[in-house]
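Engineer: Pasting in a structure now, in structure tokens, and then I'll have a few things to ask.
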Amino acid sequence: MLFARDLALDLKAGRLTAPALLERCAEAIAEQEPEIGAFVALDLDAARRAAEKARPDTPLAGLPVGVKDIIDTRDLPTAYGSPLYAGHHPAADAPIVRQIVRMGGIVPGKTVTTEFAHMAPGKTRNPRRLTHTPGGSSSGSAAAVAAGMLPLAIGTQTGGSVIRPAAFCGVTGYKPTFRNLPTLGMKTFSWHLDTMGLFGARVRDVAYAAAALTGRDLDIGERTADAPRIALVRTARSHLADAAAHAALEAAGKALERAGGTVHEIDLPEEVEAADAVHPVIQDFEAWIALSDEYDRAADQLSPGLRAHLEASARIEVGAYDEARRQAKRARQRLGDLFADYDALLTFSAPGAAPEGFASTGSPAFNRLWTLMGSPCLNVPGLQDETGLPVGVQVVGRFGRDRAALLVAAALERALARR
């Protein structure tokens, strides 16, 4: 994989040029893209022209960044994973794309998304094992980084679409605090849940990119949390996690303890656990509205799964939706109280390693609650199942305390590397 922060420092110092880095990416794409299928659109010639003009005095300094095809780009087609939008060119870039360019990044292509970032799988294969799903809906972004085709990529998460594919592909996935990255210009599925995220090789890489794109003090460099206080949380859905996922979570907890952290296994407060059930109420009520034009005008061109999902969503009553939002607010307040005693939560990223086959992108059972809470979340790679497939673990931080979550994730990453 490509280490984005190290590459950015090399670009700034003149030890590397943006054209040379882009050619390294182009070679990896030429070699691996035919099998992996991470991209739906590429314009390497335009990227080369941009690389020639790259400024090393900018934060991203010429780093190539993939953009999920649920996000508008003016100069690259944006199909939202649907044949309804084949060849579609938006009139403007999404703000996150403009921010990449303003900060000196280069966008060489659009990465595969599932249909409207829902569940219908795309063409992408998992670079760790081509017979297994890369996860979704940010399939292409996770796979492109895992295969070393790009140092950074943008994804989105409404349920588990950053953390789960990061876990399956063995990369770092970072879902920041809700709205830290702008979602304007993203095809909406649920406006109270849709969140931009980042993929990179290591924690420090996504931290560096987040600092560049948000202007916040998130570039942690080599720093890690000192003696972090960790709550290990299996949740009421622990029966959905397989033996490898349980083993990975236990190994992560022990690694943090050996590194000087304190780890206590706890049960979530009842109000927080109960909120998991209201995530689909909010998501689906809003999806029925957000995709109303596509359903009303061309329902027959939607996948059967999405069409049936929207038709079921139409039956959610507004009273249930309003109560779900109130319940979510109460849960967020109660979760905030929990962080008085802990610096971060440690939990499952996914039910296990990437499933074999492509009928599904996997379950978001261990992600949707944290998306609803708006908390910063990171998948930390470094563990495997008995067959050698990656099994990630998830660090969940306090709302708005992304730097603290990144430091804990970096401490875990270092602790796992020393095992």
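Engineer: With the checklist (1) free of Cβ contacts under 8 Å to residues at least 12 places away in the same chain; (2) part of a helix (DSSP H, G or I) in hand, flag the one item Arg414 doesn't pass.
Structural biologist: (1) is the only condition that Arg414 fails.
Engineer: In this structure, does Ala30 turn out to be in the same structural domain as Pro127 (by TED's automatic domain parsing), more than 21 Å from Ile96 (Cα to Cα) and either touching a Ser or Thr at 6+ places or on another chain (Cβ under 9 Å) or not basic (Lys, Arg) (or both)? Step through it out loud before you land on a result.
Structural biologist: Numbers: in the same structural domain as Pro127 (by TED's automatic domain parsing): yes; more than 21 Å from Ile96 (Cα to Cα): yes; either touching a Ser or Thr at 6+ places or on another chain (Cβ under 9 Å) or not basic (Lys, Arg) (or both): yes.
Judged against the criteria, Ala30 is a match.
Engineer: Filter the range 69-96 down to the residues that are out of contact with any helix residue (DSSP H, G or I) (no Cβ under 8 Å at 6 or more places or on another chain), surrounded by fewer than 24 Cβ atoms within 10 Å (Cβ to Cβ) and either touching a residue at least 40 places away in the same chain (Cβ under 8 Å) or among the aromatic types (Phe, Trp, Tyr) (or both) and list them by number.
Structural biologist: Hits for the range 69-96 are Tyr85, Pro90, Ala92, Pro95.
Engineer: Filter the range 161-185 for residues that are on the phi < 0 side of the Ramachandran plot and either of a type in the set (Phe, Trp, Tyr) or surrounded by fewer than 24 Cβ atoms within 10 Å (Cβ to Cβ) (or both) and give the result.
Structural biologist: Of the residues in the range 161-185, the ones on the phi < 0 side of the Ramachandran plot are 161-169, 171-178, 180-184.
Across the range 161-185, the qualifying residues are Phe168, Tyr174, Thr177, Phe178, Asn180, Leu181, Pro182, Thr183, Leu184.
Engineer: Which members of the range 129-148 meet the condition of being part of a loop (DSSP other than H, G, I, E, B) and in contact with a Cys (Cβ under 6 Å, 6 or more places away or on another chain)?
Structural biologist: Filtering the range 129-148 for residues part of a loop (DSSP other than H, G, I, E, B) gives 129-131, 133-138, 147-148.
Passing the criteria: only Pro134.
Engineer: Return the pairs, sorted by first residue and then second, in which the second residue is of a type in the set (Gly, Ala, Ser), the first residue lies in the range 11-23 and is within 16 Å of Leu44 (Cβ to Cβ), the beta carbons are less than 7 Å apart, and the residues are 6+ apart or on different chains.
Structural biologist: Final answer for the pair search is Ala18/Ala51; Ala18/Ala54; Ala18/Gly62; Pro19/Ala51; Leu21/Gly62; Leu22/Ala47; Leu22/Ala51.
Engineer: Moving on. Do we have Leu42 as of a type outside the set (D, E, K, R) and within 20 Å of Gly221 (Cβ to Cβ) here? Step through it out loud before you land on a result.
Structural biologist: Working: of a type outside the set (D, E, K, R): yes; within 20 Å of Gly221 (Cβ to Cβ): no.
In short, no.
The values are calculated or read from the model by the stated rules, or taken from the named source; none is laboratory data. This one's a predicted model, so the numbers in the text were calculated from it and none came from an experiment. Cβ: placed from backbone, ideal geometry, glycine included. Neighbour counts: every protein chain shown.
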